[in-house]
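> Input: one structure, supplied below.
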Amino acid sequence: MSNAERRLNVGIDLNGEHPQICYYEQATDNTVTAPLKIGNETASFRDILEELDEMDYDDDTPFSERETRTEELGLQTAEILKKALATLGTDTGNQITGLTITVPHLTRPIVSAIRIVFRELDLGDGKGFLQDYDESFYYYTLYQKEELWNRSVGFFDFDGKRITFTSLSLNRQTRPVSVTCEEGVTITLRGEADSWDEQFSNMIQASLRQNIYTSVFLQGETFDRSWAVKSTSLLLRGGRKAFIVDNLYARGACCAAREKTLKKRLQDYLYIGRDMVRTNLGMQMIIQGQETYYPLVTAGVSWYEVDKKCECILEGEPVLTFQVSAMGSSAASLVRMELTDLDQSKRPVGTTRIGLHVTYEAPGRCVIEAEDLGFGDLYPSGGQVWKEVLEG
């Protein structure tokens, strides 16, 4: 098979210490995982990710400077990934049908930088995706045999001596079935290896108090059955299955790329993560002579996917009224956005054109920007911009 005929779904665990890549080759039904390398060198994103993290808490630097720096960091990341993907003999624009990048957590600077990466890698038209580690755990788990996740699933992630626990649960009373991940106990192993078994055993007992776990996954080189004698017995108690998994996050990202562009196996399941938007946002507008609800944001998408732009004509007082409703609820509350100091005295009714841009800065923090666009040459824009932040 020539390179031109290859079709790949790719997952990349973009972390600062040990970035990993996992790709699924559609023609051979084969999955490969490996360290993310540039030639013989492991790719390093440590400094880039640290700077993007710091940028999320930086209120002193002007926005324009942060935007410029984010662009630079996105271009640096794209260049590293281009070289790494080239080692696979891959043309990203033609041979990769879907690529998912996963990171420990998502912030606005990281989201902005990764959008630049997707642009530079020519991954438009629904080919590039982004998610956090919990969502990668979800995709990895539900791409296993269903008998392994028909109840809850536990995941112990060893990062050196630090161990974190995450549980995945399904609510089969909802349609679609809702799936959630919850962070649990975190410990740091103390002393030498001969004392770790007791410490990890205590963590297992605290995490798996109720025997409702079908299976448990473990990741990380620190775990070794040579010291984890009692721990292993606890993991397998009650017929529970336990598996040591390499590169779970990269594998989960690869499964997400397959699901979103190829398989569609999980249509009956809805992942409800911390990045999900839980509220609907819209307006009543007159469209083609009929008063109609116009949705701006629909609950169920991830906050970083929201980037809605539209225009409307203001016919009454200088106020925009938005309808906000919780996911699954028909009850809506009204939010008024005052367009302060908007002068309509010299404009006939129906000639005040307002541009709207709706984004999210973080989960539960919606930003609405309104701009006076004017109405052609007859009624030029006053250049005013208004901003409203909706919490929750």
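The values are calculated or read from the model by the stated rules, or taken from the named source; none is laboratory data. Here the structure is a predicted model, which is why all the values come from computation and not from measurement. All Cβ positions, glycine included, derive from the backbone under ideal geometry; neighbour counts span all protein chains shown. For the accessible areas, the whole protein counts, side chains as well, though only heavy atoms, and no ligand, DNA or RNA atoms are used. Shrake-Rupley method; radii C 1.70, N 1.55, O 1.52, S 1.80 Å.
> Those residues that are open to solvent by 20 Å² or more (accessible area, probe 1.4 Å) and either of a type in the set (Ser, Thr, Tyr) or more than 30 Å from ARG365 (Cβ to Cβ) (or both), I need them from the range 250-277; list them, please.
Residues satisfying the conditions are ARG251, ARG258, THR261, LEU262, LYS263, LYS264, ARG265, ASP268, TYR269, TYR271.
> Does GLN344 meet the test of being modelled with pLDDT under 90, surrounded by 11 or more Cβ atoms within 10 Å (Cβ to Cβ) and touching a Leu at 6+ places or on another chain (Cβ under 9 Å)?
Yes.
> Could you count how many residues in the range 25-44 are free of Cβ contacts under 8 Å to residues at least 60 places away in the same chain, of a type outside the set (Asp, Glu) and not in a strand (DSSP E or B)?
Qualifying residue count, the range 25-44: 7.
A quick yes/no check of all residues on (1) closer than 29 Å to GLN219 by Cα; (2) outside any helix (DSSP H, G or I); (3) modelled with pLDDT of 90 or more:
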| position | (1), (2), (3) |
| --- | --- |
| TYR23 | yes, yes, yes |
| MET55 | no, no, no |
| THR77 | yes, no, yes |
| ILE80 | yes, no, yes |
| PRO109 | yes, no, yes |
| ILE116 | no, no, yes |
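> Return yes when GLU311 is open to solvent by 60 Å² or more (accessible area, probe 1.4 Å), closer than 30 Å to GLY128 by Cβ and of a type in the set (Asp, Glu) and no when it is not.
yes
> Identify, from the list ARG209, ARG190, ARG175, the residue that is more than 22 Å from ASP134 (Cβ to Cβ), open to solvent by 30 Å² or more (accessible area, probe 1.4 Å), modelled with pLDDT under 95 and not in a strand (DSSP E or B).
Every option except ARG175 fails the conditions.
> Now a separate question. Which members of the range 16-31 meet the condition of being open to solvent by 20 Å² or more (accessible area, probe 1.4 Å) and touching a strand residue (DSSP E or B) at 6+ places or on another chain (Cβ under 8 Å)?
HIS18, GLN20, TYR23, GLU25, GLN26, ASN30, THR31, listed by residue number.
> Separate question: Quick check on the range 263-308: of everything there that is more than 18 Å from the chain's Cα centre (by Cα) and among the acidic types (Asp, Glu), which residue is modelled with the lowest pLDDT?
Per the criteria, the residue is GLU291.
> Would you check if there is a residue in the range 2-11 being basic (Lys, Arg), open to solvent by less than 30 Å² (accessible area, probe 1.4 Å), touching a strand residue (DSSP E or B) at 6+ places or on another chain (Cβ under 9 Å) and over 17 Å from TYR249 (Cβ atoms)?
Taking every residue of the range 2-11 in turn, at least one turns out to be basic (Lys, Arg), open to solvent by less than 30 Å² (accessible area, probe 1.4 Å), touching a strand residue (DSSP E or B) at 6+ places or on another chain (Cβ under 9 Å) and over 17 Å from TYR249 (Cβ atoms).
Yes/no per residue for (1) open to solvent by less than 40 Å² (accessible area, probe 1.4 Å); (2) under 24 Å from GLN26 (Cα atoms):
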residue	(1), (2)
MET55	yes, no
ASP59	no, no
THR68	no, no
LEU73	yes, no
LYS82	no, yes
LEU85	yes, yes
LEU99	yes, yes
ALA113	yes, no
PHE118	yes, yes
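> Tally up the residues in the range 194-206 that are open to solvent by less than 30 Å² (accessible area, probe 1.4 Å) and touching a helix residue (DSSP H, G or I) at 6+ places or on another chain (Cβ under 7 Å), please.
Number satisfying all stated conditions: 4.
> Now a separate question. If you go through the range 361-384, how many residues are open to solvent by 10 Å² or more (accessible area, probe 1.4 Å), within 30 Å of MET327 (Cβ to Cβ) and assigned to a strand (DSSP E or B)?
Here the count works out to 5.
> So the check is Cβ under 6 Å with 6+ separation or different chains; which pairs have a first residue in the range 211-228 that's of a type in the set (Val, Ile, Thr) and a second one that's buried (at least 21 other Cβ atoms within 10 Å of the Cβ) and modelled with pLDDT of 95 or more?
That search, which allows pairs on different chains as well, returns VAL216/GLY154; VAL216/LEU235.
> Just to confirm my filter: which strands (runs of 3 or more DSSP E) fall fully inside the range 222-290 and include at least 2 residues that are in contact with a strand residue (DSSP E or B) (Cβ under 8 Å, 6 or more places away or on another chain) and of a type in the set (A, V, I, L, M, F, W, C)?
Once the strands (runs of 3 or more DSSP E) in the range 222-290 are filtered for at least 2 residues that are in contact with a strand residue (DSSP E or B) (Cβ under 8 Å, 6 or more places away or on another chain) and of a type in the set (A, V, I, L, M, F, W, C), what remains is 241-244, 279-287.
> While we're on this one: Can you pull out every residue in the range 223-235 that is under 32 Å from the mean Cα position of the chain (by Cα) and open to solvent by 30 Å² or more (accessible area, probe 1.4 Å)?
ASP224
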